[in-house]
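Peer 1: Handing you this structure, nothing more for now.
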Amino acid sequence: MRTTKKGIVLMLILALVTGFLFANGVSETATPAASSTTTLKWALWDISSTTYYEPLIKAYEQAHPNVKIEMLDLGSADFMTMLQTQLSGGDSSIDIVTIKDIPGYNNLVKKNLLMNLNAKIASENVDTSLYGGTTDQISVGGNLYGIPFRSDFWILYYNKALFDKAGVAYPSNDMTLAQYDALARRMTSGVGANKVYGAHYHTWRSDVQLFGILDGKHTIVDGEYSFLKPYYEMILNEQKDGICQNYATLKTSSTHYSGVFYNNSVATMNMGSWFIATLIDKIEKGEADCKDWGIVKYPHPEGTASGTTLGTITSLGVSNASKKKDAAFDFVKFVTGPAGAEIIAKTGTIPAIKNDKVISIISSKKGFPTDKASAEALKVTKTYLEMPLHEKAAEIEVVLNQVHDEIMTNNISIDAGLEKMSTQVQKILNK
Amino acid sequence: MPSRKAQIQKQLVAYSFIAPNFLGFAIFTLVPILFAFALAFLNWDGSNPITWAGLSNFKDLLDDDQFKAALRNTIVYAAGTVPLTLVCSLFLAVILNQGVRGKGFFRTVSFFPYIASLVAVAAVWNMIFNPEKGPVNMGLFKLGFEKVPGWAADKNWAMVTIILFSVWKYMGYYMIIYLAGLQGINAELYEAANLDGTNAWQRFRYVTVPQLRPTTFFVLVMLTIQCFKVYDIVYMLTQAGPGTATLVLVYDIYNKAFISWNLGSASAVAMVLFILVLAVTLLQFQGEKKMQ
């Protein structure tokens with residue numbers, strides 16, 4: 001009898017101890033902070049490979065000694081899913097939220113997870129006219145839930161050494177798609193290990209589909225996609241003729257676009273401006289074979305002005321669940337404001353505020369191409385969002401990606417594919 | 001006769017032993033499963049208030065191209081993978097149960113794909129089966145095949161690629177189970193069969209196969225459930241492509257839940273999957289009973 005009692009007591013103690021252990025495992029150990037210090041948690045991705053987080057935080061903390069910014073790295077691949085799961089679960093420890101893409105932003109707004117910034121923008125005199133119209137593109141019913149701090153756009157990178165070797169003139173800042181296609185064909189040469197592809201299209205749908213929206217007549221959420229035909233034709237023909245690498249090969253081998261540019265196997269590559277900072281960094285570290293490169297404005301369809309390109313906006317917002325909204329907004333205001341823009345530009349990254357000073361900071365950064373055309377390429381005239389703000393953007397994107405995959409792997413004809421895209425997206429739109 | 005108090009105390013001790021495990025199961029498995037069942041009849045995006053949906057989540061599935069493709073592909077995948085894995089693992093087990101030289105080595109080699117990291121082996125597999133530069137297609141080309149398969153990049157071959165990969169990955173594990181089954185067969189049965197003048201095939205057909213029936217049944221049930229739940233292999237090899245050629249139910253659940261944030265619809269698909277697995281398993285149990 002005594003042993004049984006002892007057993008029960010022991011079990012209870014064990015259960016209690018286990019309980020405490022688990023409880024401690026999931027809860028954060030609270031470190032007693034000085035009562036005057038406010039700690040803000042910033043949800044972001046890729047701390048180790050992103051160069052502007054540290055200087056931004058350092059500058060802000062220097063100006064506000066009573067504020068401490070902690071970074072929370074949720075990883076790059078599934079950042080928006082991770083973030084939404086955390087915030088939906090009622091995590092109030094995150095104060096500042098980085099918004100990676102428009103479908104994700106739309107979801108966060110729909111789910112009421114972001115603070116409406118309108119009142120703060122008005123009371124703190126934030127000048128939204130500095131953002132070149134990008135704030136209008138992410139305004140939901142006249143309300144802003146995020147302020148852009150990065151605004152990347154697509155440009156054409158090219159390998160100067162390969163052009164010099166082939167004796168072909170560098171690409172220009174005003175190229176129609178037909179001229180670009182001809183140039184890519186001229187620059188293709190060699191076989192096997194010496195093969196140089198004239199163009200490179202990463203496996204993202206944006207690489208093909210978004211040429212189609214540059215004329216401003218269509219958007220990617222229209223629900224009618226026959227306008228994409230000429231662009232699919234151009235790129236599939238290039239693929240067939242060996243001008244660019246095969247989509248299926250790139251996809252099954254998970255080839256990263258940076259690798260093919262570093263190892264001199266592509267002469268030109270259409271890609272976002274986010275690659276500038278990485279490229280400079282890799283060359284400086286001696287990790288890229290391609291050392292001499294340049295950029296020009298994105299090629300455009302006939303009749304569209306040069307400098308028309310695609311853009312992606314990365315914004316900062318404040319979590320609705322945050323208990324330190326005022327302090328968090330102050331940090332957001334700093335990062336997204338002119339002072340933050342200059343710090344971001346110094347790392348070679350394109351901030352959302354693109355004034356002459358910012359452009360000159362980027363183009364005079366060590367490692368940035370010294371030719372005039374490359375500096376000029378940073379000046380865009382019109383930017384269309386890769387994915388506009390739309391209630392069903394995330395769902396539409398699933399279909400666009402799937403059919404793009406089918407067309408590019410020649411599993412469906414262009415006409416049938418675009419028809420399928422239209423039917424399926426219309427179904428989503430009419431739901 | 002122990003007193004009532006002593007009996008209760010004894011039961012309490014027993015429950016206290018079960019409690020830690022059961023609590024974990026209840027919190028992390030049972031409650032979420034029950035919640036998912038309820039969600040199938042509700043509309044929820046994870047944050048906004050939950051609203052009643054009735055059967056509309058299920059009705060929508062009837063007109064949902066993604067779901068229809070996923071259901072078809074999952075059935076094709078299971079129908080291809082289960083029998084092939086079963087036959088291959090049994091064959092391997094029978095061979096490696098004989099006095100072959102180096103059988104320890106071959107058993108390890110066969111088991112290796114099961115324990116190797118999926119991410120790494122899927123990457124290697126994709127390189128080997130690369131349609132343009134992969135050694136498999138190069139070999140086929142050298143052998144005189146003019147039209148070589150596009151493997152993971154061809155919608156007609158992508159599912160075949162996934163099935164082949166799954167068979168290769170799973171068969172080592174089920175081989176071990178079959179080996180255990182084979183070693184449990186009474187040697188006297190083979191001796192008796194020998195005395196009756198049977199050949200190797202007859203011994204396999206009339207002694208080994210019937211004696212292995214409980215093992216085969218176990219393998220069949222486990223393998224079927226595993227196949228219906230497939231996600232990781234598809235994600236690593238084809239990301240459900242080309243198009244929707246290898247989109248499976250769990251992949252569709254993920255898309256609906258975490259891309260479109262339509263948790264009600266995702267739960268409805270999960271429920272369909274649950275009913276499908278339950279029905280197939282019940283059928284298998286019934287078949288087994290009949291055979292007995």
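The values are calculated or read from the model by the stated rules, or taken from the named source; none is laboratory data. On a predicted model such as this, the values are computed, not experimentally measured, just so you know. Ideal geometry is used to build each Cβ from the backbone, glycine not excepted, and the neighbour counts take in all protein chains shown.
Peer 1: Does at least one position in the stretch B:239-246 carry a residue that is more than 21 Å from residue B:83 (Cβ to Cβ), more than 10 Å from chain A (Cβ to nearest Cβ) and not small (Gly, Ala, Ser)?
Peer 2: No, every residue in the stretch B:239-246 fails to be more than 21 Å from residue B:83 (Cβ to Cβ), more than 10 Å from chain A (Cβ to nearest Cβ) and not small (Gly, Ala, Ser).
Peer 1: Given the criteria in a helix (DSSP H, G or I), over 24 Å from residue A:101 (Cα atoms), within 22 Å of the chain's Cα centre (by Cα) and modelled with pLDDT of 95 or more, does residue A:227 qualify?
Peer 2: no
Peer 1: Now a separate question. Name the one entry in B:288, B:188 that is surrounded by fewer than 14 Cβ atoms within 10 Å (Cβ to Cβ), away from chain A (no Cβ under 14 Å) and either farther than 30 Å from residue B:127 by Cα or out of contact with any Pro (no Cβ under 6 Å at 6 or more places or on another chain) (or both).
Peer 2: Sole residue among the options that is surrounded by fewer than 14 Cβ atoms within 10 Å (Cβ to Cβ), away from chain A (no Cβ under 14 Å) and either farther than 30 Å from residue B:127 by Cα or out of contact with any Pro (no Cβ under 6 Å at 6 or more places or on another chain) (or both): B:188.
Peer 1: Select from the stretch A:129-149 the residues that are among the β-branched types (Val, Ile, Thr) and modelled with pLDDT under 95 and list them in ascending order.
Peer 2: A:134, A:135, A:138, A:140
Peer 1: Separate question: Please pick out the residue among B:75, B:33 that is under 25 Å from residue B:284 (Cβ atoms), under 24 Å from the mean Cα position of the chain (by Cα) and at pLDDT below 95.
Peer 2: Going through B:75, B:33 in turn, just one is under 25 Å from residue B:284 (Cβ atoms), under 24 Å from the mean Cα position of the chain (by Cα) and at pLDDT below 95: B:33.
Peer 1: Considering only the stretch A:239-337, give the strands (runs of 3 or more DSSP E) lying wholly within it that have at least 3 residues that are of a type in the set (A, V, I, L, M, F, W, C).
Peer 2: A:293-297, A:308-318
Peer 1: Same structure again: Restricting to the stretch A:390-409, give me the number of residues that are under 26 Å from residue A:238 (Cα atoms) and in a helix (DSSP H, G or I).
Peer 2: Count: 12.
Peer 1: Let me ask another. Applying the selection to the stretch A:365-386, what residues are crowded, with 19+ Cβ neighbours inside 10 Å and in contact with a Gly (Cβ under 9 Å, 6 or more places away or on another chain)?
Peer 2: Correct list: A:368, A:369, A:374, A:377, A:380, A:383, A:384, A:385, A:386.
Peer 1: Among the helices (runs of 4 or more DSSP H) contained in the stretch B:190-292, which hold 3 or more residues that are closer than 24 Å to residue B:56 by Cα?
Peer 2: Hits in the stretch B:190-292: B:249-254, B:263-291.
Peer 1: Counting only residues that are of a type in the set (S, T, N, Q) and either more than 9 Å from every other protein chain (Cβ to nearest Cβ) or touching a residue at least 60 places away in the same chain (Cβ under 8 Å) (or both), how many does the stretch A:73-108 have?
Peer 2: 7
Peer 1: Oh, and also: Collect the residues in the stretch B:30-70 that are in contact with a helix residue (DSSP H, G or I) (Cβ under 8 Å, 6 or more places away or on another chain) and hydroxyl-bearing (Ser, Thr, Tyr), keeping them in residue-number order.
Peer 2: Listed by number, the list holds a single entry, B:47.
Peer 1: How about the stretch A:71-154: which helices (runs of 4 or more DSSP H) wholly inside it have at least 1 residues that are small (Gly, Ala, Ser)?
Peer 2: A:79-88, A:102-110, A:118-123
Peer 1: Continuing with this model, one more query. Among (1) within 30 Å of residue A:223 (Cβ to Cβ); (2) part of a helix (DSSP H, G or I); (3) of a type in the set (S, T, N, Q), where does residue A:360 come up short?
Peer 2: Checking residue A:360 against (1) within 30 Å of residue A:223 (Cβ to Cβ); (2) part of a helix (DSSP H, G or I); (3) of a type in the set (S, T, N, Q), the one that fails is (1).
Peer 1: Just for the stretch A:109-138: of the residues that are at positive phi and small (Gly, Ala, Ser), which one is nearest to the other protein chains (Cβ to nearest Cβ)?
Peer 2: A:133
Peer 1: Given the residues A:184, A:169, which is the only one that is in contact (Cβ under 8 Å) with a residue 40 or more places away in the chain and either more than 14 Å from every other protein chain (Cβ to nearest Cβ) or surrounded by 15 or more Cβ atoms within 10 Å (Cβ to Cβ) (or both)?
Peer 2: A:184
Peer 1: Report the residue count in the stretch B:116-149 for those that are surrounded by 11 or more Cβ atoms within 10 Å (Cβ to Cβ) and farther than 21 Å from residue A:256 by Cα.
Peer 2: Number satisfying all stated conditions: 11.
Peer 1: Name the single residue that is nearest to residue B:266 (Cα to Cα) among those in the stretch B:5-35 being polar (S, T, N, Q) and surrounded by 12 or more Cβ atoms within 10 Å (Cβ to Cβ). Spell out how you get there, then give the answer.
Peer 2: First, pick out the residues of the stretch B:5-35 that are polar (S, T, N, Q): B:7, B:9, B:11, B:16, B:21, B:29.
Adding the requirement that they be surrounded by 12 or more Cβ atoms within 10 Å (Cβ to Cβ) leaves B:9, B:16.
On the way: B:9: 45, B:16: 36 Å.
Ranking the qualifying residues of the stretch B:5-35, first place goes to B:16.
Peer 1: Still on this structure: Within the stretch A:36-62, track down each residue that is free of Cβ contacts under 8 Å to residues at least 60 places away in the same chain and either assigned to a helix (DSSP H, G or I) or farther than 19 Å from residue A:325 by Cβ (or both).
Peer 2: Answer for the stretch A:36-62, where residues must be free of Cβ contacts under 8 Å to residues at least 60 places away in the same chain and either assigned to a helix (DSSP H, G or I) or farther than 19 Å from residue A:325 by Cβ (or both): A:45, A:46, A:47, A:48, A:50, A:53, A:54, A:57, A:58, A:61, A:62.
Peer 1: For the stretch A:357-372, check the following and say yes or no: at least one residue is more than 27 Å from residue A:155 (Cα to Cα) and either touching a helix residue (DSSP H, G or I) at 6+ places or on another chain (Cβ under 9 Å) or more than 9 Å from chain B (Cβ to nearest Cβ) (or both).
Peer 2: no
Peer 1: Continuing with the same structure: Residues to consider are A:343, A:361; find the one that is touching a residue at least 24 places away in the same chain (Cβ under 8 Å) and hydrophobic (A, V, I, L, M, F, W, C).
Peer 2: The conditions single out A:343.
Peer 1: Can you pull out every residue in the stretch B:128-153 that is at pLDDT 90 or above, at the interface with chain A (Cβ under 9 Å from one of its Cβ atoms) and over 23 Å from the mean Cα position of the chain (by Cα)?
Peer 2: None; the set is empty.
Peer 1: Turning to a different aspect of this structure: Only one of these conditions is not met by residue A:387: (1) farther than 20 Å from residue A:172 by Cα; (2) outside any helix (DSSP H, G or I); (3) not assigned by TED's automatic domain parsing to the domain that holds residue A:222. Which number is it?
Peer 2: Among (1) farther than 20 Å from residue A:172 by Cα; (2) outside any helix (DSSP H, G or I); (3) not assigned by TED's automatic domain parsing to the domain that holds residue A:222, the lone unmet condition for residue A:387 is (3).
Peer 1: Which one is farthest from residue A:352 (Cα to Cα), of the residues in the stretch A:133-149 that are surrounded by fewer than 18 Cβ atoms within 10 Å (Cβ to Cβ) and not hydrophobic (A, V, I, L, M, F, W, C)?
Peer 2: Out of the qualifying residues, it is A:141.
Peer 1: Spot the failing condition for residue A:431; the list is (1) within 24 Å of the chain's Cα centre (by Cα); (2) loosely packed, with under 15 Cβ neighbours inside 10 Å, and only one is missed.
Peer 2: Failed condition: (1).
Peer 1: Mind listing just one residue for me: the one in the stretch B:57-70 that is more than 21 Å from the chain's Cα centre (by Cα) and away from chain A (no Cβ under 11 Å) and, of those, surrounded by the fewest Cβ atoms within 10 Å (Cβ to Cβ)?
Peer 2: Step one: list which residues in the stretch B:57-70 are more than 21 Å from the chain's Cα centre (by Cα), which gives B:57-66.
Okay, now just the ones that are also away from chain A (no Cβ under 11 Å), so B:57-59, B:61-62.
Working: B:57: 24, B:58: 17, B:59: 12, B:61: 20, B:62: 8.
Taking the candidates together, the pick is B:62.
Yes or no, residue by residue, for (1) out of contact with any helix residue (DSSP H, G or I) (no Cβ under 7 Å at 6 or more places or on another chain); (2) surrounded by fewer than 19 Cβ atoms within 10 Å (Cβ to Cβ):
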site: A:179; (1), (2): yes, yes
site: A:194; (1), (2): yes, yes
site: A:204; (1), (2): yes, yes
site: A:210; (1), (2): yes, no
site: A:215; (1), (2): yes, yes
site: A:229; (1), (2): no, yes
site: A:247; (1), (2): no, no
site: A:263; (1), (2): yes, yes
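Peer 1: Right, next: Name the pairs whose Cβ atoms lie under 6 Å apart, with the first residue in the stretch B:203-219 and surrounded by 16 or more Cβ atoms within 10 Å (Cβ to Cβ), the second small (Gly, Ala, Ser), and 6 or more positions between them or separate chains?
Peer 2: Once the first residue is surrounded by 16 or more Cβ atoms within 10 Å (Cβ to Cβ) and sits in the stretch B:203-219, its partners that are small (Gly, Ala, Ser) give B:203/B:193; B:207/B:193; B:212/B:181; B:215/B:181.
Peer 1: I'd like to verify a number: residues in the stretch A:217-227 that are closer than 19 Å to residue B:243 by Cβ and surrounded by fewer than 21 Cβ atoms within 10 Å (Cβ to Cβ), how many?
Peer 2: 2
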